1. Full extension from residue 85 to residue 16: what is 0.36 nm times the residue separation minus their Cα-Cα distance, to one decimal in nm?
2. Let me check I've understood the local charge: for residue 170, count other residues with C-beta under 15 angstrom from its C-beta, Lys and Arg +1, Asp and Glu -1. What total comes out?
3. First check a/c for region 63-128, with a ≥ b ≥ c the square roots of the eigenvalues of its C-alpha gyration tensor; if it is under 1.5, answer rounded, and if not, answer prolate when a/b is larger than b/c or oblate otherwise.
4. Which distance in nm do the two modelled labels at residue 146 and residue 165 give, with both placed 7 Å along the Cα-to-Cβ direction?
5. If the label point is 7 Å along Cα→Cβ of residue 70, which residues in region 117-149 have backbone nitrogen under 18 Å from it?
Amino acid sequence: MRDIVLFAAFPYVAVALAIWGGVHRYRHDRFSYSTLSSQLLENRSLFWGSVPWHYGIVVVLLAHLVAFLMPGMWAAITAAPAALYTIEIVGFAFGLAALFGLCVLMVRRFTYERIRAVTRPMDWVVLAALLVQVALGFYVSLVYRWGADWYVDTAVPWLVSLVSLNPQTQYVSSLPWVVQLHMLTGFLVIALFPFSRLVHLIMFPFWYLWRPYQLVIRNRAIGT
C-alpha cells in the first residue's frame, strides 16, 4: 500500500497539481511571472551562485533526460567502464556545482534585505525543496556508485510505466530509502513549481507572446 501511494499515486497528483497551478496562475495572475531580478544590486554574488547553479543543474537534468528517452543507447555507453567512470565523475562535479550555486543563491536571498523583501513564502518552500533534491542527488552519487548504470534498470522503467499509465512500483520499491526520497522530492518540486517565481522559466515564451496589455497609470501627485 505504501508503494502504491508514494510511487503510483503521488507522481500523478504532483503532475496534475502542477498543470492546474500553471494554468490557473496564467489565467488569473499572469503578470506575477517575473524574476524580480536584482542583478544590478549584487552582481558579484549573483554570478557566483547563478553560473554554477545553472550550468550544474542543466547538465545533470540533461543526463537524466537522455537516459530516460534513449535507455538502450545510454546502457550501451555505460557498459564500457571508461565511459561509465567518465560520466560518474562529470555528473559528480556538475552536481556539486549545482549544490554550491544553489546554496550561494539562497544565502544571498536571505541576507540582502531588498531581495528578501520580494521573496514570497512559496519561493522559500520551493528553494528548500530544490536544496533537498539536489543534496540528495549529490549524496546518492557519492554513496551509491554507478548510478548512471543502475538508473536505466530502476528509475527509467518506473517512469516509463507512469507515462504509459501502468505504474510498476517494483522497479523502485527495493531501492535504498535515500534514492526513493530523491525520486519523490523531484515530483514534489514539480508540484510546487507553478506556485513560485521560478515558473517564469517555463511560461516566459507564452507570457510575452499572448499576454494582454498591462495598463500602467502614472500618479503625478506622488511622482510614480
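Only the coordinates and a few stated rules stand behind these numbers; no lab work does. Source: prediction; values computed, not measured. As a convention, Cβ positions derive from the backbone with ideal geometry for all residues, glycine included, and neighbour counts pool all protein chains shown.
1. Length gained between residue 85 and residue 16: 21.1 nm.
2. Result for the neighbourhood of residue 170: -1.
3. prolate
4. Each label point lies 7 Å from its Cα, and together they span 3.8 nm.
5. What the label zone holds, given the 18 Å backbone N cut-off, is 148-149.
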